[in-house]
1. Would you mind telling me which numbered condition in (1) at pLDDT below 95; (2) open to solvent by 60 Å² or more (accessible area, probe 1.4 Å); (3) within 18 Å of ARG73 (Cβ to Cβ) ASP51 fails?
2. Of everything in region 138-167, what is of a type in the set (Val, Ile, Thr) and at pLDDT 95 or above? Give them in sequence order.
3. How many residues are open to solvent by 70 Å² or more (accessible area, probe 1.4 Å), farther than 28 Å from ALA68 by Cβ and not aromatic (Phe, Trp, Tyr) if we restrict to region 120-165?
4. When region 70-97 is examined, which residues are found to be open to solvent by 30 Å² or more (accessible area, probe 1.4 Å) and aliphatic (A, V, I, L, M)?
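The values are calculated or read from the model by the stated rules, or taken from the named source; none is laboratory data. Just so we're clear, the structure is a prediction, and the values are computed from it rather than from any experiment. Quick reminder, even Gly has a Cβ in these numbers, built from the backbone with ideal geometry, and neighbours come from all protein chains shown. Note: accessible area is taken over every heavy atom of the protein model, side chains too, but ligands, DNA and RNA are not part of it. Shrake-Rupley method; radii C 1.70, N 1.55, O 1.52, S 1.80 Å.
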Amino acid sequence: MNAGSRIPLWIIALLAAICLGVLAWTTFGFVVPFKHETGQAVLDIYFAGYDELTVGRMQRLLGENDVANSLLRAMYAGPELIFPALLTALLLLVLMKLRPGGSYFARPISPALIKLIYVLPFVYGLADYGENIASLIAFGGSAWADRAAELLPWMTRLKFASLAICLIIIARFAIVRAMHRGDGER
């Protein structure tokens with residue numbers, strides 16, 4: 001018996017429900033009011049990424065709008081403080097449950113690649129926290145604001161890239177597992 005098979009499905013479902021609840025808190029408690037207040041979206045939801053010019057515009061906007069600045073800071077002190085950890089845990093548990101392994105194009109997947117797969121959720125979590133810290137610094141008016149503004153778009157890209165790779169890997173192993181289960185039933 002391996003570690004993945006001992007993870008009850010209800011734990012994963014509960015963690016997914018908590019993640020959705022925190023995401024709803026972020027969306028309806030902060031993202032939507034921020035958009036209503038400013039007419040712009042928070043940078044955290046730019047899936048396609050953004051550049052330093054966009055960060056500069058957001059810095060000016062937050063400098064002029066205290067309500068929007070307060071909303072953004074409260075978002076980072078509230079749901080964004082726990083969401084990356086929750087989603088990291090969920091991604092890791094799903095990967096453990098799926099037990100990555102087997103073969104890929106008729107070649108066995110190496111143990112080093114499997115370990116790398118298990119590291120991906122942590123890359124996402126660290127990138128998300130890094131993005132949050134860079135946002136607080138970039139929009140806080142500190143001496144490091146320019147450096148954080150340069151780093152912020154890269155942290156967002158790394159966050160979404162690692163999340164996308166995790167989701168693709170999860171889908172791949174779920175499909176392979178379902179296909180093998182289907183072969184075993186015949």
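1. Against the list (1) at pLDDT below 95; (2) open to solvent by 60 Å² or more (accessible area, probe 1.4 Å); (3) within 18 Å of ARG73 (Cβ to Cβ), ASP51 comes up short only on (3).
2. ILE165, the sole residue that qualifies.
3. Qualifying residue count for the region: 1.
4. LEU71, ALA74, ALA77, LEU81, ILE82, ALA85, LEU86, ALA89, LEU92, LEU93, VAL94, MET96
So that you can scan it fast, the table gives a plain yes or no per residue for (1) in contact with a Gly (Cβ under 9 Å, 6 or more places away or on another chain); (2) under 28 Å from ILE168 (Cα atoms):
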{"position": "ASP44", "(1), (2)": "no, yes"}
{"position": "ASN65", "(1), (2)": "no, no"}
{"position": "ALA68", "(1), (2)": "no, no"}
{"position": "ALA74", "(1), (2)": "yes, no"}
{"position": "VAL94", "(1), (2)": "no, yes"}
{"position": "ILE109", "(1), (2)": "yes, yes"}
{"position": "VAL119", "(1), (2)": "no, yes"}
{"position": "GLY125", "(1), (2)": "no, yes"}
{"position": "GLU131", "(1), (2)": "no, yes"}
